[in-house]
Structures are given as structure tokens and as C-alpha cells.
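For reference, the structure is listed below as C-alpha cells.
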Amino acid sequence: DLAAAQATAEGFCVECKDQEAFYSCEQCSEEFCEVCYGMLHRTGNRTRHIKKEIFKPGNKGTPAPSVNGMSTSTSKGSSLSDETLAELPESKVIVSSGSSTFGDWITQRAKYIPMRLDLSERKLLRLLEAALNVSEYTDKVDILSYTSKSKRIIHQIKDLCAIISGLVVANDYRRGQELFADKSFEDNEEFFQVIFEIGRRHKIMNPEKMRNAYGKLMYLLMDASTEEIESTLGFSCIAPIKTVYSFLKERGGTDLLNNDLVMEATKEIIADGKPRQQIQQEIRKKERSIEVLSRKYANGNLTPDEIKTCLYSIGDNHSFLRTNRDPCDKMLKYLTQFFQPNAVEDGYSLAIQSGRQGARLTHNHETQYWYINQTLNLWREIAHEMFYLWMLADDDMLNNDYRLRDTGQGLQRLQSCPSISKAMHTILHKAQQKAGYWVGSSVIHLGDSNVPNAFMFIDKYNQVARILNPIISTLDKLEEIVKDDGISTYINDTYGGVQSLRKEIVCDFFRSAFDGSGADNFFSAGSCIDGRLTSAWNWCSQIEKKSFFPVFLLTVSLEFMGCSAAPH
């Protein structure tokens with residue numbers, strides 16, 4: 001039963017159940033690992049609890065638990081009921097919407113879908129990127145210096161605005177004259193608000209773009225949003241991000257979102273082996289739906305072209321989900337296809353043990369199966385709500401003070417993230433409720449040395465697709481590359497065939513990318529919510545050492561984020 005599944009192995013943390021206990025709390029009469037004790041006892045009366053150290057890392061006298069024995073698992077043997085096992089793979093969490101109809105759902109979601117840039121906005125975006133690429137804002141501001149930081153900030157902001165002004169004049173002399181001739185920066189407040197908003201909006205829709213410039217932009221706006229800097233500058237640099245809903249509401253066109261044709265007009269058409277005739281038919285049906293909606297809801301304030309842009313923006317949201325959310329679904333499919341929680345195929349056990357092959361967690365096969373399942377489902381829901389989370393992150397970054405601190409990875413801006421923290425805990429809570437029980441720690445790092453601010457959080461979870469997509473691409477292309485006789489002979493002789501190779505890659509990823517590795521302490525890695533992604537990054541950083549690495553070189557262009565920098 002569930003109570004037996006949640007039983008804690010002797011010597012392990014009562015909260016996460018997969019790390020050895022480090023402290024014993026006298027008041028709680030329970031044992032915790034270092035991370036869970038710190039998380040659970042950080043506020044309220046629990047801060048006065050008395051802890052006693054019961055385990056020291058490196059203590060040779062502590063017996064290592066058995067990997068395959070029942071004592072290492074939160075779920076002993078096959079103690080979970082069939083009903084609970086059936087529920088675990090399904091985790092359909094919607095944080096920003098609890099609606100029952102598509103119209104209600106898309107209306108709520110449109111509040112967080114950014115508008116696609118038009119041609120004039122794209123021209124301004126290029127100017128902004130050019131100015132940010134030559135700016136040394138963070139190099140000049142985020143340093144330890146005895147000079148006034150406020151003066152440095154104001155000087156750098158005005159310097160960037162001057163560069164943008166010069167680029168506008170060089171690009172379009174007549175418009176530059178209209179904007180800047182005999183005018184100060186304060187007189188062009190709206191222009192700077194618009195160009196900075198365009199940069200923020202473009203990045204949300206295209207996470208792979210502006211990889212260097214976006215950080216400078218957000219840190220500049222973080223400083224510009226403070227009362228002291230804004231009053232000295234004489235103008236505000238910040239405007240709300242233009243979303244589909246706000247655009248339509250301003251023009252009286254929100255009724256558009258309640259039309260059932262919106263589903264047809266915004267759906268993504270994917271080939272997936274369909275005959276050409278069917279694809280052409282779907283395209284024509286989609287185009288007709290767009291034309292009907294653009295004519296029906298046009299008014300004096302809303303043109304047909306603007307309606308089409310709104311529909312295309314919603315379509316961009318669907319494309320984003322396919323690229324960033326669907327990889328989690330595909331990896332879950334591989335997990336259920338090749339592995340069963342209650343049966344272990346010889347040579348393909350998912351069991352891991354702390355201290356062996358770099359692992360920092362101890363799980364038997366069944367526990368590791370559900371640990372992977374729950375982690376991929378959690379990543380899926382985070383990707384599903386990414387636009388919503390990004391809007392909250394934008395709000396957190398621009399409305400909270402920060403302090404500069406050396407986190408071990410250089411000077412970082414430590415900043416509280418109340419909005420993003422609340423949303424993440426909501427997602428996690430619903431995922432845990434759906435699962436019935438949770439394998440590993442529930443700690444979410446935000447505003448600390450691991451995830452200093454909301455910008456780092458967003459950047460961290462945008463790497464999930466960059467990690468999973470090359471793996472999925474390799475697995476999907478194996479059948480194609482073996483059509484070459486030479487490659488087919490190589491794969492058969494070295495790996496025993498396509499199916500054996502596919503299982504070897506998946507098994508290694510599920511074992512080594514979910515083993516708590518990636519750092520030398522359990523605060524930066526381990527089974528906490530953020531540490532799970534650190535372990536996946538660590539696997540990517542070592543992929544060139546894997547026996548199957550040559551196959552990746554044959555199938556994909558490796559662009560693992562983890563090969564160059566850790567998400568933490």
C-alpha cells in the first residue's frame with residue numbers, strides 16, 4: 001500500500017528518502033539530509049529546533065545500503081498499488097488556467113503569449129541588439145568598486161541610449177531627426193520604452209536568440225527600475241510586455257478568442273508521414289479559418305492584418321510547446337517502452353548507488369524509474385507554462401531589489417523571486433498530488449547561490465529542450481543512417497544492432513543523467529528540483545566519453561548547453 005511505499009530506509013532522510021541522513025532533529029524526532037533539514041527548518045519556530053549531526057561525509061564506518069535490496073527504496077519491491085502505478089505517468093498540470101472550454105483556456109493563456117514582431121519592430125530589434133552587443137554594461141556596473149554605483153549605472157544607461165540614438169539616425173536620417181533633433185532622452189521616453197519592450201518580447205518567443213544581449217538588457221532595466229535611478233534619469237525605461245490579450249483588449253477584439261475557429265486557425269501542421277494531399281488540405285483549411293476570423297472581427301481599431309498577427313502569435317505558442325514541451329513526452333515514451341518498474345531486463349537495470357560511477361543518490365530500479373518519470377513530467381509542465389513563468393520572472397526582476405554576491409561562479413545578483421517561487425511551488429504541489437508520493441527532495445532553489453535570480457531560473461529551464469532534442473534526434477535517425485552499408489556494419493558489430501544501441505543510449509541517460517551528480521555538494525546537485533537538471537547537464541558535459549558518442553556525431557550537430565556552461 002501507499003504507506004509502505006513511503007516508508008524510509010534506515011539511515012536515510014525522512015523527507016527525500018534517497019540521501020543519507022546528516023542531521024537528527026530532537027523536536028521532530030526525525031532524521032534529515034543536510035538540504036532537506038535546511039529547507040524545512042529555515043523559518044518559523046522550526047529555526048529554534050536543535051539538530052544533532054549523525055553522519056559525516058567520508059565516514060568509512062557507515063555501511064553502504066544495497067542497490068537492489070529493498071532497504072534503499074521509498075517503494076519497497078512492488079509495494080505500490082496498481083492504481084497508484086497507473087496514475088503516476090499522467091501529470092496534466094495547468095497553473096494559469098482552470099478553464100473547461102478551449103475559448104476560456106486560450107483567453108487566459110493569451111494573457112501570457114507575446115505578440116509577434118512586425119516589420120518595423122524587427123528593424124528596431126536589430127538596432128537594439130547592435131547597441132547591446134557593443135555595450136559593456138555589466139562589466140562596468142557589476143564590480144566591486146569604491147566609486148558610486150549609481151553614477152556608473154546612470155552613465156552606462158545614457159551611453160547605451162546614445163548608441164541607440166546614433167544607430168537610429170544612421171539607419172533612417174529623417175526619423176532620427178524627428179526623434180532626437182533638439183530633444184533630450186526624457187523627451188523620447190516612449191521610444192526607449194518601446195525598443196526595450198521589443199527586446200524582452202522577442203526573447204520570450206525565441207529563447208535561443210539574444211543569448212548574450214538579453215542578460216545585459218534585463219540587468220540594465222533592473223537598475224533603471226529603481227526609484228533613485230529613474231528620478232535621476234528623468235524617464236522610465238520600462239513598459240508592459242505586449243501580449244495577444246492586451247493587444248486585443250486595447251482594440252476591443254477579445255471576442256475573437258472565444259470563436260471555435262481559433263483552434264483550427266492556430267494549430268500547427270506537422271507532416272509526420274502524412275500524404276501530401278492531406279497536408280495541403282489542412283493548410284487550406286487553416287488559411288480559410290484565418291481569413292474568416294480576420295474579416296469577421298475587424299473593426300475601426302483592429303485591422304484584418306492585426307488579427308492575423310494575433311493568430312500567428314498564438315500559433316507561435318503552439319510551435320514553442322512542440323519544441324520545448326514535447327521532447328519530455330518523447331523521453332517518457334522511451335522510458336515506458338524500454339523499461340518496466342517491476343521488471344528488470346538483464347543488463348538494463350536503472351539502479352544507481354551513491355559513490356559508484358559518479359552517482360550521488362541511491363535508488364533501486366523501481367525507485368529510479370519513478371524518479372525519472374516524475375522529473376520528466378515536472379519538466380513537461382514547466383515547459384507548458386513557460387510563457388506564464390517568464391512573465392512572472394520579468395515582473396520579479398523589475399520589481400525587487402538585489403544584492404551583489406560572489407556565489408562561487410563570479411559576482412551574481414541575488415534577488416528574491418516571490419512570484420516565480422509561488423508558481424513553481426504550485427506546479428510542484430499539483431505534480432506531487434497527482435503522483436501520490438514523491439521520490440527525492442522538494443527543495444526549489446530561488447534567490448540563492450545556486451539560482452541567484454529569476455533570470456537564471458528561466459535560462460536554466462530553457463535548457464531542457466536543448467538537452468533532450470539532440471538525444472531524441474539521434475534515436476529517431478538511427479533507422480535512417482543504417483541504410484548505409486558501412487554504418488550498418490559498424491553499428492551491428494559494435495553495438496549489436498539498432499535496437500540494442502537505442503536501449504544502451506536511453507539506459508545510460510536515465511541512469512547517469514538522473515543520479516544527483518554535477519556538483520560536490522547536495523545543495524547544488526542531488527535530488528532537489530533544480531539539482532535534477534544539474535545532473536542532466538553533467539551527463540551532457542561528459543558525452544564525448546561515452547561509447548556511443550560516434551553515433552551522435554553521425555546523426556546530429558551537438559549543441560548541448562551543458563557542454564559549455566552549467567545551468568546552475
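The values are calculated or read from the model by the stated rules, or taken from the named source; none is laboratory data. Here the structure is a predicted model, which means the values were calculated and not measured. For neighbour counting, all protein chains shown are included, and Cβ atoms are generated from backbone atoms with ideal geometry for every residue, glycine included. With ligands, DNA and RNA removed, areas are computed over all heavy atoms of the protein, side chains included. Shrake-Rupley method; radii C 1.70, N 1.55, O 1.52, S 1.80 Å.
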Checklist entry - List pairs: first in the range 158-171 and among the small types (Gly, Ala, Ser), second open to solvent by less than 40 Å² (accessible area, probe 1.4 Å) and in a helix (DSSP H, G or I), Cβ under 8 Å, 6+ apart or cross-chain? => result Ser165/Gly176; Ser165/Leu179; Ser165/Phe180; Ser165/Asn188; Ala170/Gly176
Item to check | Those residues of the range 314-354 which are in a helix (DSSP H, G or I), open to solvent by less than 40 Å² (accessible area, probe 1.4 Å) and over 30 Å from Leu389 (Cα atoms), in sequence order | outcome: Phe338
Item to check | Selection count, the range 394-406, where residues are surrounded by fewer than 17 Cβ atoms within 10 Å (Cβ to Cβ) and outside any helix (DSSP H, G or I) | outcome: 5
Item to check | Tally of residues being of a type in the set (A, V, I, L, M, F, W, C) and touching a strand residue (DSSP E or B) at 6+ places or on another chain (Cβ under 8 Å) across the range 169-225 | outcome: 3
Next on the checklist: I'd like the residue in the range 9-20 that is farther than 13 Å from Ser354 by Cα and among the hydrophobic types (A, V, I, L, M, F, W, C) and, out of all such residues, is most open to solvent (accessible area, probe 1.4 Å).
Outcome noted: Val14
Checklist entry - If you scan the range 167-191, which residues turn out to be within 17 Å of Val134 (Cβ to Cβ) and either assigned to a loop (DSSP other than H, G, I, E, B) or not aliphatic (A, V, I, L, M) (or both)? => result Asn171
Next on the checklist: Going through Arg380, Arg413, Arg403 one at a time, which residue ends up being of a type outside the set (A, V, I, L, M, F, W, C) and within 29 Å of Gln19 (Cα to Cα)?
Outcome noted: Arg380
Next on the checklist: I need the full set of residues from the range 429-460 which are modelled with pLDDT of 90 or more and in a helix (DSSP H, G or I), in order please.
Outcome noted: Ala454, Phe455, Met456, Phe457, Ile458, Asp459, Lys460
Item to check | Some residue of the range 158-176 being within 30 Å of Asp406 (Cβ to Cβ), open to solvent by less than 30 Å² (accessible area, probe 1.4 Å) and at pLDDT 90 or above | outcome: yes
Next on the checklist: Looking only at residues that are touching a residue at least 40 places away in the same chain (Cβ under 8 Å) and open to solvent by 70 Å² or more (accessible area, probe 1.4 Å) in the range 119-142, which one is nearest to Thr266 (Cα to Cα)?
Outcome noted: Lys123
Item to check | Candidate set from the range 384-393 (those that are open to solvent by less than 10 Å² (accessible area, probe 1.4 Å) and in a helix (DSSP H, G or I)); member that is farthest from Leu335 (Cα to Cα) | outcome: Ala393
Next on the checklist: For the range 253-273, give me each residue that is open to solvent by 70 Å² or more (accessible area, probe 1.4 Å) and over 16 Å from Ile314 (Cβ atoms).
Outcome noted: Asp272, Gly273
Next on the checklist: Given the options Gly300, Gly273, Gly252, name the one that is at pLDDT below 90 and on the phi > 0 side of the Ramachandran plot.
Outcome noted: Gly273
Checklist entry - Out of (1) outside any helix (DSSP H, G or I); (2) open to solvent by 90 Å² or more (accessible area, probe 1.4 Å); (3) at pLDDT 90 or above, what's the single condition that is false for Arg116? => result (2)
